[in-house]
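Bear in mind that the values in this text are calculations on the coordinates, not laboratory data. For clarity, every value in this text was computed on a predicted model and none was experimentally measured. Don't worry about glycine lacking a Cβ; one is built from the backbone with ideal geometry, like all the others, and counts go over all protein chains shown.
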Amino acid sequence: MNIAVLGQADSWYVAELTRAAQGRGHAAECVDFRRLSAAVWEAQTLVTAGEAALHRVDAVLVRTMPPGSLEQVVFRMDALQRLEAQGIQVVNPPRAIEAAVDKFLTTARLAANGLPTPRTVVCESADDACIAFERLGQDVVVKPIFGSEGRGILRVSDPDLAYRTFRTLERTQAVLYLQEFIQHSGFDVRVLVLNGEVLGTFKRRHPTDFRTNVARAAVAEPHVATEEERQLALQACAAVGACFAGIDLLYDPAGRCLVIEVNAVPGWRAFQRVSGLDVADKVIEFLEKR
């Protein structure tokens, strides 16, 4: 196979996928999302990235989604959809990436499929956000609707600070995504799913920060998933249409397991460190079977 990996050249994940592909006898090339170009003529759409002809590869692995304007993000998704329509494997499918990258859409799809999630309010007005702040118990987590690795997430539990925060975000024309704060024991559970199967799980624990992202210095620990955790992860993955995803689960004080997030460009470096599983090899094997 010829495989294009959309990512950064210095990325550990790109290096791992390239190593695994070449080790299984395939060609793999890293291409930059920002070099995407599409030519439409003679009833064809030819998608390229620099010198790479993406319309001629067998598979495209999406390993990043760089920041960009709304137009840029929409074009990237459109280009991936055209590749998929031409019979090229795109992992994850663009529709799944669109759903997972949008926290509101993810939360709404999870809830629509009967999965337990924290109470959430999404709005554009600071006044509406202040009302939601009261309804959510005056203790909320404010998140950017697009974002990952815990960046831009803050906890607000003071009414005056909440007012100032919401007004500031309103002035930047941001969407206000408020989620009730879930008291927890300093850890969450990350479940890695590939092709409808659980590859494995691990705990992410942080002693001082409610954000348990490894990128924020949380510590990864081995964990054996319960049957409930496995089923919630598989259902969450299916809800956004992803074939490869990381699902974050969190327990509330009553012991109820909540689905917090679905990541369609999942990291696995910490998981691989605690499990020893060669995830990149599993991903390439998955492409071969498809």
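Within a Cβ distance under 11 Å of residue 181, other residues only, what is the Lys/Arg minus Asp/Glu net charge? That sum, taken over residues with Cβ under 11 Å, equals -1. Computed over all pairs of different Cα atoms, the Kirkwood value for the hydrodynamic radius of the chain is 20.1 Å.
Relative contact order of segment 2-91: 30 percent, from C-alpha pairs under 8 Å at least 6 residues apart in sequence.
Using r as the Cβ-Cβ distance of residue 85 and residue 171, and R0 as 35 Å, what FRET efficiency do you calculate, to the nearest 0.05? Plugging the Cβ-Cβ distance into 1/(1 + (r/R0)^6) gives 0.30. The gain in end-to-end length when the residue 155 to residue 228 segment is fully stretched comes to 23.5 nm, 0.36 nm per residue minus the alpha carbon separation. Full extension of the chain between residue 124 and residue 285 yields a length gain of 53.6 nm, computed as 0.36 nm times the residue separation minus the alpha carbon distance.
Length gained on full extension, residue 22 to residue 78, computed as 0.36 nm times the residue gap minus the Cα-Cα distance: 17.3 nm. When peptides 251-257, 56-62 are sorted by average Cβ neighbour count within 10 Å, with the highest value leading, the order is 56-62, 251-257.
Rounded to 0.05, the FRET efficiency of the residue 35 and residue 138 pair, given R0 = 45 Å and the Cβ-Cβ distance, is 0.45. The calculated FRET efficiency for the pair residue 12 and residue 277, based on their C-beta separation and a Förster distance of 22 Å, comes to about 0.90. The ranking of 247, 260 from fewest to most other beta carbons within 10 Å of each one's beta carbon is 260, 247.
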